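What follows is one structure encoded as structure tokens, with my remarks underneath.
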Amino acid sequence: MIEIFRSPSYNFIGQRRWAYLFSLVTMIIGLVSLGIYGLKYDIDFTGGSIVQVRFERTPSIAEVRKALSKIGLGDAIIQEFGHSREYIIRLSLGMTGSGSSEELGPKIDKALAAEPSLGKAEIRRVEFVGPQVGRDLQWQAVQAVLYGLVGILVYIAWSFKSVRGGVAAVVAVFHDVIVCLGALSLTGREFSLPVLAALLTIIGYSVNDTIVAYDRVRENRGKGARKGQTFEIQALGNLCCHCAAVVCGL
């Protein structure tokens, strides 16, 4: 087995204050960005228009996007639709503005015709679609997350006999979520259904890591403090042994 770390002895706990500071700064930047810029929701949350286009010859998505960027629609979602010469162009409400579907079709047709590399393009349909995730569903999702956090707090407080531990676990989940949302806000990335699924996965891993870490702490406390050693030193030693075992495949 390949040995990546030969001496896995890192003072993670000793440097925890720097980690706290880094996490705090990251959260503050994320919250400020969310407060100023907010999130850029895609068509799944805002609704918008769908344009189906069939080309004379097979184009690349880059070529289609290049043509659309000339009319301010370069950020549209472009997907192949059943055939290599047929595409769906998904536009959010923010892209189409106040223009109607009747105006949007000729506008896109003209932009695609102006790009020689695309050849002849035929607009097959233009239709408005409502948001897949309505306001009611969004609020229900928020409620589900809040109820889940309360459940996590109660479970950890009961299982590990530590209310502070439950609060810390909830704070850790909030930290992970805010960091991710702040990164999306700072980079201007769209918040879509796949991103929501990824965010829920991160929450799951965050809770799992917290439970595993608390179980390890409870195990260490059960052994009792060694003479002349603080809990920090014990935890660091156990962490290093655990990392060594994982790396060596024990």
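Test of understanding: among Ser117, Ser92, Ser84, which residue is of a type in the set (S, T, N, Q), surrounded by 13 or more Cβ atoms within 10 Å (Cβ to Cβ), under 19 Å from Ile61 (Cβ atoms) and at pLDDT 75 or above?
On the way: Ser117 fails: surrounded by 13 or more Cβ atoms within 10 Å (Cβ to Cβ); Ser84 fails: surrounded by 13 or more Cβ atoms within 10 Å (Cβ to Cβ).
That would be Ser92, the only listed residue that is of a type in the set (S, T, N, Q), surrounded by 13 or more Cβ atoms within 10 Å (Cβ to Cβ), under 19 Å from Ile61 (Cβ atoms) and at pLDDT 75 or above.
Among the candidates Thr26, Thr58, single out the residue that is surrounded by 11 or more Cβ atoms within 10 Å (Cβ to Cβ) and assigned by TED's automatic domain parsing to the domain that holds Gly188.
Details: Thr58 fails: assigned by TED's automatic domain parsing to the domain that holds Gly188.
One residue alone meets the criteria, Thr26.
Collect the residues in segment 31-60 that are more than 21 Å from the chain's Cα centre (by Cα) and touching a residue at least 24 places away in the same chain (Cβ under 8 Å), keeping them in residue-number order. Outline the logic, then answer.
To start, the set of residues in segment 31-60 that are more than 21 Å from the chain's Cα centre (by Cα) comprises 48-60.
Residues satisfying the conditions are Gly48, Ser49, Ile50, Val51, Gln52, Val53, Arg54, Phe55, Glu56, Arg57, Thr58, Pro59.
Considering only segment 99-114, state which residues are at pLDDT below 80 and under 33 Å from the mean Cα position of the chain (by Cα). Reasoning before the result, please.
So in segment 99-114, the residues at pLDDT below 80 come out as 99-103.
Gly99, Ser100, Ser101 - these are the residues of segment 99-114 that are at pLDDT below 80 and under 33 Å from the mean Cα position of the chain (by Cα).
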Spans of helices (runs of 4 or more DSSP H) in segment 138-250 with at least 2 residues modelled with pLDDT of 75 or more: 163-187, 193-223
From Val167, Val129, residue being farther than 30 Å from Lys110 by Cβ and either in the same structural domain as Tyr214 (by TED's automatic domain parsing) or of a type outside the set (Ser, Thr, Tyr) (or both): Val167
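Do you know which residues across segment 128-173 are among the aromatic types (Phe, Trp, Tyr), closer than 30 Å to Tyr41 by Cα and in contact (Cβ under 8 Å) with a residue 12 or more places away in the chain? It would help to see each step written out before you state the result.
Keep residues of segment 128-173 that are among the aromatic types (Phe, Trp, Tyr), which gives 128, 139, 147, 155, 158, 160.
With closer than 30 Å to Tyr41 by Cα added as a condition, the list becomes 128, 139, 147.
Correct list: Phe128 only.
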Any hit, segment 12-27, residues being modelled with pLDDT of 85 or more and within 30 Å of Ile108 (Cα to Cα): no
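The values are calculated or read from the model by the stated rules, or taken from the named source; none is laboratory data. Computed from a predicted structure; not experimentally measured. Cβ coordinates were reconstructed from backbone atoms using ideal geometry, including for glycine residues, and neighbour counts include every protein chain displayed.
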